[in-house]
1. What single numbered condition from (1) over 18 Å from LEU267 (Cα atoms); (2) in contact with a Phe, Trp or Tyr (Cβ under 9 Å, 6 or more places away or on another chain); (3) buried (at least 19 other Cβ atoms within 10 Å of the Cβ) fails to hold for SER131?
2. Please go through the range 245-285 and give me each residue that is assigned to a loop (DSSP other than H, G, I, E, B), open to solvent by 80 Å² or more (accessible area, probe 1.4 Å) and within 17 Å of SER213 (Cβ to Cβ), ordered by number.
3. So LEU242 fits all but one of (1) open to solvent by less than 10 Å² (accessible area, probe 1.4 Å); (2) under 21 Å from GLU147 (Cα atoms); (3) over 25 Å from the mean Cα position of the chain (by Cα); what number is the exception?
4. Scan (1) out of contact with any Asp or Glu (no Cβ under 9 Å at 6 or more places or on another chain); (2) farther than 18 Å from GLY155 by Cα; (3) not charged (D, E, K, R) for the single condition VAL308 breaks and write down its number.
5. Restricting attention to the range 211-227, which residues are under 20 Å from THR153 (Cα atoms) and open to solvent by 10 Å² or more (accessible area, probe 1.4 Å)?
6. Suppose we filter the range 302-341 for residues that are modelled with pLDDT of 85 or more and either under 24 Å from THR218 (Cβ atoms) or buried (at least 18 other Cβ atoms within 10 Å of the Cβ) (or both); how many remain?
7. Name every residue in the range 142-191 that is touching a residue at least 40 places away in the same chain (Cβ under 8 Å) and hydrophobic (A, V, I, L, M, F, W, C), in order of residue number.
8. Any chance the range 317-332 includes a residue that's touching a residue at least 24 places away in the same chain (Cβ under 8 Å) and assigned to a strand (DSSP E or B)?
Amino acid sequence: MRVGNVSQMQETQKNIDLAAADWVAKMINGDLSTSEHEELHIWLNAAPENQQAFIEANNALAVMDEAIRSKDRTTESPSSKVVELKHPAKPSSKAPSAKKRRWSYVALAASLLLAVASTRIMFGDPTIFLSADYHTAVGEVRAITLEDGSTVTLGPDSAIAVQFTDQIRNIALISGLADFQAVPMERANKRVFTVTSPHGQVQALGTRFIVNSFDDHTNVAVLEHQVEVKPNSATSEQIAILAENQAVRYNRHSISPVSTIKPDRALSWQKGKLIFDRVTLREVVSEFSRYQRGKIMIANETAARKLVSGVFDMTDPQAGLELIARELGVQNISITPLMTVLY
């Protein structure tokens, strides 16, 4: 299975989860109209996946409410009721009443969506297991030697699919990050060495580089020689050639300005440490999530944009996360090992 097919399957599930989270958030924040009840009824009966996602979103809400009550150390009644789906045939004719929540509607829907995703992470994403030739567990770093002699150091909670033919050498980075040391074309029957992510392609013009894939962008750092970076929708003017100790981030449509890196910092994850220099909390959370089970959620966009600097030991990621929360003045709710919410 190619990385494009995997991305499509993941996108379909993400859309189902988003719809389920949206329905639960609507029902918690106010009564549904008659037409909306009928629309929900049709959606639930359209596919078993819809019903399962709806149940998981309700369960996520229950967990979040319990966490908030525990955090506040109060014995008052729950701030909301969980929407119960006793039978998939038809939702209740009346939505449950709800008190005003500390969560806005948008934040609640987003948090439910992330919470649902967190439960799947506990058991692994099946699309990754089915499509990957090599993958690592949470917190695991693994060295791999490919058939041409190239080596890949796969970061924690990461996965790749390998496609070698008589014409090409391509690695699909399905998730996570990896340090690639490519055998030169001259020693590989003139075959180019490329690494694809959901956002574009990196072609080795030398030997060693790191590719780090996130939901909305990919980072590339060059340690030896050069690489060519090309987003999926790039024009010829948007293709970047990176030299040693240079880095960029790119999405499907554009590339950032070139920056300079320090190799020891770029490789710190192989020694169990993460080093950040004015990196957004959103990206820091993505990195931390590869070192612990469950999901770290940010339910506040302002918090997500805050900048983090520091060195963190990944033998205890939760301690590092709590330190970051204190320094940034961000509230932190932990449900070990399932979920941590920052808001």
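1. Looking at each condition in turn, SER131 falls short on (2).
2. Selection gives ARG252, HIS253.
3. Only one criterion is unmet by LEU242, namely (2).
4. (1)
5. ASN212, SER213, PHE214, ASN219, ALA221, LEU223, GLU224, HIS225, GLN226
6. Adding up the residues that qualify gives 17.
7. Matches in the range 142-191: ALA161, ALA172, LEU173, ILE174, LEU177, ALA188.
8. The answer is no; no qualifying residue exists.
The values are calculated or read from the model by the stated rules, or taken from the named source; none is laboratory data. Computed from a predicted model, the values in this text were never measured in an experiment. Neighbour counts run over all protein chains shown; Cβ positions are idealised from the backbone, glycine included. Areas reflect the complete protein model, heavy atoms only, side chains present, ligands, DNA and RNA absent. Shrake-Rupley method; radii C 1.70, N 1.55, O 1.52, S 1.80 Å.
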